[in-house]
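The values are calculated or read from the model by the stated rules, or taken from the named source; none is laboratory data. Predicted model only: the values in this text are computed from it and were never measured. Here the Cβ positions follow ideal geometry from the backbone for every residue, glycine too, while neighbour counts run over all protein chains shown.
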Amino acid sequence: MNHPPSETLSRRRFLKDGLWTVSLAAAGAAAAALASRSRAKEWVWQIDPYKCIGCGRCATHCVLSESAVKCVHAFEMCGYCDLCTGYFHPDPKALQTGAEHQLCPTGAIRRRFIEEPYFEFTIDESRCIGCGKCVVGCAAFGNGSLFLQIRHDRCQNCNECAIGRVCPSGAIVRVPASAPYLLKVRNP
Amino acid sequence: MGLILSAAAVQAAERFPPPQFETDYQMPTLTTPPPRAAVWEFVDVGVLAAALGLASWLTLRKRSRRGIAALSVFSLLYFGFWRQGCICSVGSLGNVVLSLFDSSYVLPLTAAAFFLLPIFFTLFFGRVFCGSVCPLGAIQDWVVFRPLSVPAWLETTLRLGAWLYLAAAVLFAAVGAGLLICRYDPFVAFFRLGFNTPLWLLGLLFLGVGVFIARPYCRFVCPYGLLLRQAGRLSFWHVRITPDECIQCRLCEDACPFGAIQPPTAPWPESMRPAERRRLVFLFGLLLVLMSLGGWLGYRVHAGLAAAHPTAELARQVRLRQAGLIAEPTDALRAFDVSGRTLQSLWTQEADVFRRFAWGGLLAGVFVGFVAGVKLIQMSIHFKRTDYEADRAGCLACGRCFAFCPRHRIWETGKPTDSGETS
């Protein structure tokens, strides 16, 4: 304390000390109020796949130059179709793995023969840009087993999600960090 | 056909039953990498508390500009580049407001701690957070090469912009239209080393201006800094230019790049008192006028502000489509169509958004008017000062003035051997 040595308490000092005490008490009360309202619970961002329309903004609006959003595959929902509309262009020339037949702009979906007539489709996340083209294709004519999710090994968990701001369907929501994914399930 | 089907993206049914495999095919599982472990959030709070403690010690006891500068580099690296600017105390203001108005959002303890810790430290030690812990301040502090002095009236007037920004940020967070402070954080693009052109330009602008006008964001924009200013006014201890006594040598007069050093004041002649008293009464009247004017203006602009809310924008597009002005449905309209929401619920929500913006705009306007009025009153009150002192509100606790004070130099040289000798 750097008060001048004075015998009597000056008016200004009395006011100042009083105000200090009051504001400390107010800050303390605010702290108690905030602490009682807050929880040791963190929020993370996630895409509600049942709201998502696959508009493609996830690929372009994430603060990361390579989006934190990737396509994921709920295998138990997949029909393992030969003519996968998430994999092939509409009206493909041939059901082959050539790039010209594929819907995915980065060739991130791997097509593998399992048994007649089934094919398995897996996502190579290192190539996926989260554009959602396959999501729209799969949902349009297939079972809708491909969907977009925010991958938490990549997401920076910004206070305000840059994709969420521009999401036309309000599909990007805060979820508890303890349950950080909103997965599609068969027959919800 | 394709369009209609793709519009119904999420409503896809199970068109093809999942196969019964005859081979021993093992179905892969969907991986779900977890977010950062919660313990790291508490590490962040620990680092913040430790940095604030160290900053207080360096500023008030050690009086070391070098130590403060070193700590600011650490803060820049840790809270800036390592934590990528999130979580930060400045942005936590938005979380606090959001949690007060949105019952579904529970404030995380870490956000509460980031909001409250710097305020408590400021009440005790002055704005040591701004001095060396805030990463936004630290990055600007390193480009203060040619600071020009800003006249006090201009500084005060420009700071009104920060109050306006604070009011807007609180309003937007309260009505659920987004966290403005985080959205327009000018340095977050640097911290993330990502390329977002508009934000890079904003950051470069602030750094460029910051070469001549020291720390422009802290002084004229930062809403959290305004809270700390008020806490700083009441700080129990705070930065003192001289370690012991002011010898009125005036050497520190131009030391502060932020214009936070206040010279001694001459006593006012008695004859001016009645006139000053009349002026004060007039200014109190003006305060009421400014508050009413602010409220009126805030109410006038509320509709324009509300258009920034996604619900209002969607309702606008729906009305345009009804009027036949939108041929190709926008993504928002497609999403609305497949969501199954009724028009009635949309109108209700829209009306609610406008109602909240109307109230919020009114209150924000009254608040800004109040601040402007109080500023005028403040400027016409005579404060008695006999020494050169750091302004408790404006001092950013950077410690640059220490080296300008001859008493500090003596204190410094005498310190290791016998500090009692120097007083």
### Query
Do we have B:ALA231 as touching a residue at least 12 places away in the same chain (Cβ under 8 Å), of a type outside the set (Val, Ile, Thr) and closer than 29 Å to B:ARG146 by Cβ here?
no
### Task
With the condition kept exactly as written, say whether any residue in the stretch B:365-379 is under 25 Å from A:TRP20 (Cα atoms) and modelled with pLDDT under 90.
yes
### Message
Return the pair list, or none, for Cβ contacts closer than 6 Å from residues in the stretch B:392-408 that are assigned by TED's automatic domain parsing to the domain that holds B:CYS246 to residues that are assigned to a loop (DSSP other than H, G, I, E, B) and of a type in the set (D, E, K, R), at least 6 apart or on different chains.
### Response
B:LEU396/B:ARG127; B:ALA397/B:ARG127; B:PHE402/B:ARG63; B:ARG407/B:ASP244
### Message
If I ask for residues that are of a type in the set (A, V, I, L, M, F, W, C), part of a strand (DSSP E or B) and touching a Pro at 6+ places or on another chain (Cβ under 8 Å), which ones from the stretch A:105-149 would you list?
### Response
A:PHE147, A:LEU148
### Query
Pick from A:THR85, A:THR60: which is part of a loop (DSSP other than H, G, I, E, B) and assigned by TED's automatic domain parsing to the domain that holds A:PHE119?
A:THR85
### Query
Inside the stretch B:322-349, can you point out the residues that are away from chain A (no Cβ under 14 Å) and either assigned to a helix (DSSP H, G or I) or surrounded by 15 or more Cβ atoms within 10 Å (Cβ to Cβ) (or both)?
B:GLN322, B:LEU343, B:GLN344, B:TRP347, B:THR348
### Query
Out of the residues in the stretch B:208-218 that are in contact with a helix residue (DSSP H, G or I) (Cβ under 7 Å, 6 or more places away or on another chain) and in contact (Cβ under 8 Å) with a residue 60 or more places away in the chain, which is surrounded by the most Cβ atoms within 10 Å (Cβ to Cβ)?
B:ARG215
## Note on the structure
If we keep only residues of the stretch A:44-76 that are aliphatic (A, V, I, L, M) and out of contact with any strand residue (DSSP E or B) (no Cβ under 9 Å at 6 or more places or on another chain), then the residue modelled with the highest pLDDT is A:ILE53
## Note on the structure
Pairing a residue in the stretch A:84-109 that is more than 19 Å from A:GLU125 (Cβ to Cβ) with any residue that is aromatic (Phe, Trp, Tyr) and at pLDDT 80 or above, where Cβ atoms lie under 7 Å and the two sit 6 or more apart in sequence or on different chains, gives A:THR85/A:PHE141; A:LEU95/A:PHE88; A:HIS101/A:PHE88
### Message
Tell me which helices (runs of 4 or more DSSP H) are completely within the stretch B:36-135 and hold 3 or more residues being away from chain A (no Cβ under 14 Å), or say none if there are none.
### Response
B:39-56, B:65-75
### Query
Given the structure, is A:ALA108 away from chain B (no Cβ under 11 Å), over 30 Å from B:GLY80 (Cα atoms) and touching a strand residue (DSSP E or B) at 6+ places or on another chain (Cβ under 7 Å)?
yes
